[in-house]
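Just below is one structure, and these are the notes that go with it.
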Amino acid sequence: RIGKPAIADVRGVNFRNIIINGDMSIAQRGTSATGLGNGDNGYHTCDRWEFRESGSPTWEFTQTQSTDVPTGQGFAKSLKMDCTTADASLASNDLCRISQKIEGQNVQYLKYGTSSAQSTTISFWVRSNKTGNYNVSLYNNDQTRSIGNTYTINSADTWEKKTITFAGDTASAFDNDNNTSLWIWWALAAGTDRVGGDSSSWGAHTDNRNAAGQTVNLADSTSNEWYVTGVQLEAGSQASDFEFLPVDVNLERCFRYYQFWVDGDNKEIGTGHYYSGTSLRWVTSFYKPMRTVPSLDHTSGTNYYRFLRAGANDNFNGFTFNDTSTNQNFQLNQSSNVSGTAGHSGMLRTNNASAYLAFDAEL
C-alpha cells in the first residue's frame, strides 16, 4: 500500500510544464499492458497517458513503462508502444493515438479566446524503428477546435528531440472548470479519412485533421515500436529544458486523477468496523483530494477480501462505494457474507492474489 505522502516542498518549481508525468516516471496501474486494440481506450501504464483508438482496427499493441531512454538527459523511464498484431491495410477511419487531457482551469493563463492568446511550445524525445512523418495535435474540447503539425523521425532506432510551436487561439476560450479542455495527442496510425486535412492553424475540428500529414502506420508490422519521454508543453515560442519534479510532487499530481491503494494477497487495506451486525464499513480520506468524486476500481470475486476481528475472520467478495458526495473522503461498505457485533473493529485485508483496490477520477 502506498502511504499518505507528506506535503511536498515545491520551492523553486515553476510548474511551467502543462503536461503531468511527462517523464513517464509514475505508473500506478502497472508497467505493462498487453493486447491493446479495438475497445481498449483508457489508461493502462504510465499515469495520465491514455491509449485511444477508433474505427475498426485489427491491430494490437503492448504498452510498457520502459527503461530505454535518451542517454545523458536525466530520464529514467519512457512510454513504449510495441505492435504485436499487425494491421497493414487500415480502414479509412482507423486511428490510433497516445494522448493526455488537461483541465480547463489549468490553462486559463494561456488567454485563449482573446487577442493576447499565447503560443505554446511542445518538446519531447521520441524513438522508433519506423521513420517518416507523424502528427501531434492540440484540441480544444470545449469549442471543438484543433491545430496540428508533423514531426519527422529521421533515423531508425535513435532518440531524437522534437520541438513544435503552436499559435494561440484568439477565437475560442477554454472553459474554467475541472473537465477536459485541452487535449494533446500523438498519432501512431491513421486511415485516409484521418490524414488529409490542413490543421496548421486553429480551426473547426474535422476527422481529417486528426492526423493531418501522418504518413507512418506504426501498426503495419510486428517489428514496429515507438517510444516517447520528456514531454513538455509550455507557454511561449521557445522550449526550455525539461522541468524535472521531485518524485513526491509528481506522484501527488497524479493522485488527483488516480489513486492506487493495494493489490495482491494478504495486503493491508485499512481498519474497518461493523456498522451493524451484518454490515462492515470503512471510512477514511483519499491520499489527496481528487479531481472529482471518483469511481471505485477494484477486482471482486469469491472471498477476495477478509475482515480480521477478534475471534473470527469474515471473508467477502468485494466492496460497495457508498459515499459519492465528496472528493476528499470516502466510505466503503460490505453487507454480504459477514456477521458480527455492531461497533466491533478489525483489519481489512486482501485475500486473493488477483485482488486490487484503487480510485479513478480521470478525465
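The values are calculated or read from the model by the stated rules, or taken from the named source; none is laboratory data. In this text the structure is predicted, and so the values were computed from the model without any measurement. So basically every Cβ, Gly included, is an ideal-geometry build from the backbone, and we count neighbours across all protein chains shown. Surface areas here come from the heavy atoms of the whole protein model, side chains and all, with no ligands, DNA or RNA. Shrake-Rupley method; radii C 1.70, N 1.55, O 1.52, S 1.80 Å.
What is region 13-109 by shape, rounded, prolate or oblate, if you read a ≥ b ≥ c off the alpha carbon gyration tensor as root eigenvalues and call it rounded for a/c under 1.5, prolate for a/b larger than b/c, and oblate otherwise? Oblate shape, in that a/c is at least 1.5 and b/c is the bigger or equal ratio.
Rounded to the nearest 20, the Cβ-based charge dipole of the chain about its Cα centre (Lys and Arg +1, Asp and Glu -1) stands at 800 debye.
Compute a Gaussian network model of the chain, connecting alpha carbons closer than 10 Å, and tell me which residue from Ala211, Ala235, Ala156 fluctuates the most. Judging by the Gaussian network model, the answer is Ala156.
Note on Ser240 and Ser119: their simple-model spin labels are 1.7 nm apart, each label 7 Å out from Cα toward Cβ.
Under a Gaussian network description of the chain, with springs only between Cα atoms under 10 Å, the residue in His205, His344, His44 that fluctuates furthest is His344.
How high is the relative contact order of the chain, in percent, counting Cα pairs under 8 Å that sit 6 or more residues apart?
Values: 1005 pairs, mean separation 65.0, N = 363.
Normalised by residue count, the contact order of the chain is 18 percent.
Put +1 on the Cβ of every Lys and Arg and -1 on every Asp and Glu Cβ in region 198-261; which of Val231, Phe255, Thr215 then has its Cα farthest towards the positive end of the dipole? Highest projection toward the positive end goes to Phe255. Note that region 211-363 presents 41 Å² accessible area per residue, ligands and nucleic acids not counted, probe 1.4 Å. Largest GNM mean-square fluctuation among Ala117, Ala189, Ala342, using the chain with Cα springs under 10 Å: Ala342.
Just from its helices, what would the mean residue ellipticity at 222 nm be for the chain, if runs of 4 or more DSSP H residues each count -39500 (n - 2.57) and the sum is divided by every residue, rounded to the nearest 500 deg cm²/dmol?
On the way: 1 runs with 9 residues, N = 363.
So the calculated ellipticity at 222 nm is -500 deg cm²/dmol.
Candidate values [x] 54; [y] 49; [z] 46 were compared with percent of Cα pairs over 28 Å apart computed on the shown model; the agreeing label is [y].
Might you tell me the accessible area per residue for region 1-144, computed with a 1.4 Å probe and given in Å²?
Working: 5560 Å² over 144 residues.
Per-residue value: 39 Å².
Applying a threshold of 25 Å to the alpha-carbon distances of Lys162/Lys288; Lys77/Lys267; Lys77/Lys162; Lys111/Lys288; Lys101/Lys161; Lys80/Lys130 flags Lys162/Lys288; Lys77/Lys267; Lys111/Lys288 as lying beyond it.
Taking 0.36 nm per residue of separation and subtracting the Cα-Cα distance, full extension of the segment from Ser354 to Thr299 would add 19.1 nm. Between Thr222 and Ala76, the modelled label-to-label distance comes to 3.4 nm, taking each label 7 Å out from Cα in the direction of the beta carbon.
Answer rounded, prolate or oblate for region 247-363, using the Cα gyration tensor with square roots of eigenvalues a ≥ b ≥ c: rounded when a/c is under 1.5, else prolate when a/b is larger than b/c, else oblate.
Details: a/c = 2.14, a/b = 1.67, b/c = 1.28.
Because a/c hits 1.5 or more and a/b exceeds b/c, region 247-363 counts as prolate.
What FRET efficiency would be calculated for the residue pair Thr165, Thr206, taking the C-beta separation as r and a Förster radius of 30 Å, to the nearest 0.05?
Given R0 = 30 Å and the Cβ-Cβ separation, E is 0.85.
Label-to-label distance, Ser336 versus Arg281, with points set 7 angstrom from Cα along the beta-carbon direction: 2.1 nm. Solvent-accessible area of the chain (1.4 angstrom probe, protein heavy atoms only): carbon and sulfur portion equals 41 percent.
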